[in-house]
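Right, one structure below, let's go through it.
The values are calculated or read from the model by the stated rules, or taken from the named source; none is laboratory data. It should be emphasised that the depicted structure is a prediction, and the values quoted were computed from it without experimental measurement. A quick note on method: Cβ atoms are made from the backbone with ideal geometry, for glycine too, and the neighbour counts reach across all protein chains shown. Quick note on the areas: whole protein, heavy atoms, side chains included, nothing else; ligands and nucleic acids left out. Shrake-Rupley method; radii C 1.70, N 1.55, O 1.52, S 1.80 Å.
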Amino acid sequence: MRRRTATLLAGALTALTTAAAALPSPALASGPEPGSPDYQARDAQNIADAYGRQTGPNGQLRNPAYLPALATQVPQESLSLLLEQAAQPGRPAITPGVVFPGWNVGNPLRAGWNGTRGRSRRVSFTNRYGALLHGTVYKPLPGAVDPYTGRALTGPFPGVVITTGSVQGSEGMYRWLAQDLAERGYVVLTYDVQGQGAGETFPHEDGGPTDAVPFCNPFADPQSGEMSGCPGVPAQQLANFTIGTRNALSFFTSTPSRHYANPNKADAQVDDFNPYWRSFDRSADRRPFTPGRTSRIAIIGHSLGAAAVSIVQEDDKRVAAVVGLDKLSGSQGAGALATGAEPVVPGLAVQSEYGFTVAPWFLAGGSSLNPEPSPDGPDPRRERRTGFEPWRRAGVDTMLVVPRASTHLDYTDIPLALPASRYGQDLTSRYVQGWLDHYLKHRDTRSTLLATRLRYLEPVGGGRWAPVSLRTHELMSYQFCSAYSFRQAGRRYADGDVTGAGCR
């Protein structure tokens, strides 16, 4: 039954894509009027392209290597998580990441990356409430060269901590970005927050019979930021992601002489320090872009994780740069994930046209996550309001990229889960690389951030990575403005409407 359903779905999507392919290519917003036949045809093409990760060129349903790789990797990943859970029965993770096969597998075409293009290692640590969290650290191969420039990668390297999205996002879904960054000279940590992926569901508060058994008082008054007397429960709360980000930063910066505390670990199998600590550059940045922020660490978050890193960047002095993947959120920001955080460090925002579902142009009001009617057409400034505008008004370097046909799932590698655009992830990775290379490595990255064409290396199967040419302006939204305002090479670069979407 499952195979028959997948076949019917693939056939329906292929038919949709074939029909849409006959429509005109997307044009800029200065083209057809909202509601006109040409406008609706362009919108239909955009909707079809929002399924491009599955149906587009070399997509999941069109690459013959994808399904065999998925069939191999899913049982391996599932068995690994089950064995990990069985080894510590007192630390239950009651989540889809453990129960459903393939939830944490990410892109199966990336199998074999460890040891050939970089190195990775599984790690475990507890959060402030004693819940056991699992993650992975990544770093460059010894003697490796940058696959884009050919420059030798000489450590130690800057660090990056990636916080997952909510609604049961798991760290394997963000392996693509961690590996891309490690290949270019970064040490990266991905991890599961409490109650998601392989993250333990319940806390181990002081006062229980033993730290080895989950304990909390559900009738107690909630601690600051918590939704219940049981810290971290439910998992779908902002506190899990802010606490997770701060604890992950502490684990990332730990060393053999300065162990991570691992609260209430009892007999849990945990790491006392980051096993790749030698590879992380601990030297103080003598030319920090933000006064007082001399560490060489960036934090990246998606969805509720993006809201969390927006908050943490404000007051955690270990953070030198921030990236929000749908959506960066600042003071006076708008939308469902508005945080009121004050912009402090350079912030890159990559934001989507659509949320979890794809809607036509006349439902593009409100926000991508909470759409509302828009009978006069989309407001081109919609995505600028959440993070970009607060950062720009604060005079802090910032950039907003809105990939065309992108959805909230573009930033997660999920097998055969719909919808997601074909090139949104590729575009995102290259802009993140360019942003961090400047603010953590002091490199001139105008050739990336201001480029009209970029090259991206993506896995195609059989342990091979192939280049993809990205025409950046064509792959940015024609409905919502992309923008930037930053300083490099002694001058400020600013454009509030990169593709001519109509911002004034």
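As a summary of the residue check, Pro96 satisfies the conditions (1) modelled with pLDDT of 95 or more; (2) over 24 Å from Ala266 (Cα atoms); (3) surrounded by fewer than 20 Cβ atoms within 10 Å (Cβ to Cβ) except for the one numbered (1).
Look at (1) in a helix (DSSP H, G or I); (2) open to solvent by less than 20 Å² (accessible area, probe 1.4 Å); (3) touching a Ser or Thr at 6+ places or on another chain (Cβ under 6 Å) and you find that Asp426 fails only one, number (3).
Of all residues in the range 221-252, those that are charged (D, E, K, R), in contact with a helix residue (DSSP H, G or I) (Cβ under 9 Å, 6 or more places away or on another chain) and more than 23 Å from Asp271 (Cα to Cα) total 1. Within the range 343-359, being under 22 Å from Leu436 (Cβ atoms) and either modelled with pLDDT under 95 or open to solvent by less than 20 Å² (accessible area, probe 1.4 Å) (or both) holds for Pro343, Val345, Pro346, Gly347, Leu348, Ala349, Val350, Gln351, Ser352. Cβ-Cβ contacts under 6 Å between residues 6 or more apart (or on different chains), taken from a first residue in the range 282-299 that is of a type in the set (A, V, I, L, M, F, W, C) to a second residue that is open to solvent by 40 Å² or more (accessible area, probe 1.4 Å) and in a loop (DSSP other than H, G, I, E, B), are listed as Ala284/Thr294; Ile297/Arg318. Selection over the range 44-68 of residues that are open to solvent by 30 Å² or more (accessible area, probe 1.4 Å) and outside any loop (DSSP other than H, G, I, E, B) gives a count of 5. Filtered by the rule that a residue be modelled with pLDDT of 95 or more and either surrounded by fewer than 24 Cβ atoms within 10 Å (Cβ to Cβ) or among the basic types (Lys, Arg) (or both), the range 159-178 gives Arg175, Trp176. Out of Ala71, Ala87, one residue alone is closer than 25 Å to Glu205 by Cα and open to solvent by 30 Å² or more (accessible area, probe 1.4 Å). It is Ala87. Scan the range 130-139 and tell me whether some residue there is surrounded by 19 or more Cβ atoms within 10 Å (Cβ to Cβ) and over 27 Å from Glu200 (Cβ atoms). Checked the range 130-139: no residue is surrounded by 19 or more Cβ atoms within 10 Å (Cβ to Cβ) and over 27 Å from Glu200 (Cβ atoms). The residue pairs whose first member lies in the range 396-415 and is at positive phi and buried (at least 24 other Cβ atoms within 10 Å of the Cβ), whose second member is at pLDDT 95 or above and among the aliphatic types (A, V, I, L, M), and whose beta carbons are closer than 7 Å, counting only pairs six or more residues apart or on different chains, are Ala405/Ala50.
Of everything listed in (1) part of a loop (DSSP other than H, G, I, E, B); (2) free of Cβ contacts under 8 Å to residues at least 12 places away in the same chain, the single unmet condition for Ser250 is (1). The one condition from (1) in contact (Cβ under 8 Å) with a residue 60 or more places away in the chain; (2) within 20 Å of the chain's Cα centre (by Cα); (3) open to solvent by 40 Å² or more (accessible area, probe 1.4 Å) that Arg122 does not meet is (1).
None of Ser469, Ser477 is free of Cβ contacts under 8 Å to residues at least 60 places away in the same chain and within 25 Å of Met173 (Cα to Cα) except Ser469.
Return yes when Asp211 is of a type in the set (Asp, Glu) and crowded, with 16+ Cβ neighbours inside 10 Å and no when it is not. In short, yes.
All conditions but one from (1) open to solvent by 70 Å² or more (accessible area, probe 1.4 Å); (2) part of a loop (DSSP other than H, G, I, E, B) apply to Val105; the one that does not is (1).
Condition check ((1) surrounded by 22 or more Cβ atoms within 10 Å (Cβ to Cβ); (2) polar (S, T, N, Q)) across all residues:
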position: Leu238; (1), (2): no, no
position: Ala261; (1), (2): no, no
position: Tyr276; (1), (2): yes, no
position: Arg282; (1), (2): no, no
position: Asp285; (1), (2): no, no
position: Thr294; (1), (2): no, yes
position: Ser303; (1), (2): yes, yes
position: Ala307; (1), (2): yes, no
position: Ala320; (1), (2): yes, no
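Taking strands (runs of 3 or more DSSP E) as the structural unit, those lying wholly within the range 132-226 and holding at least 2 residues that are in contact (Cβ under 8 Å) with a residue 24 or more places away in the chain and more than 24 Å from Gly102 (Cα to Cα) correspond to 159-163.
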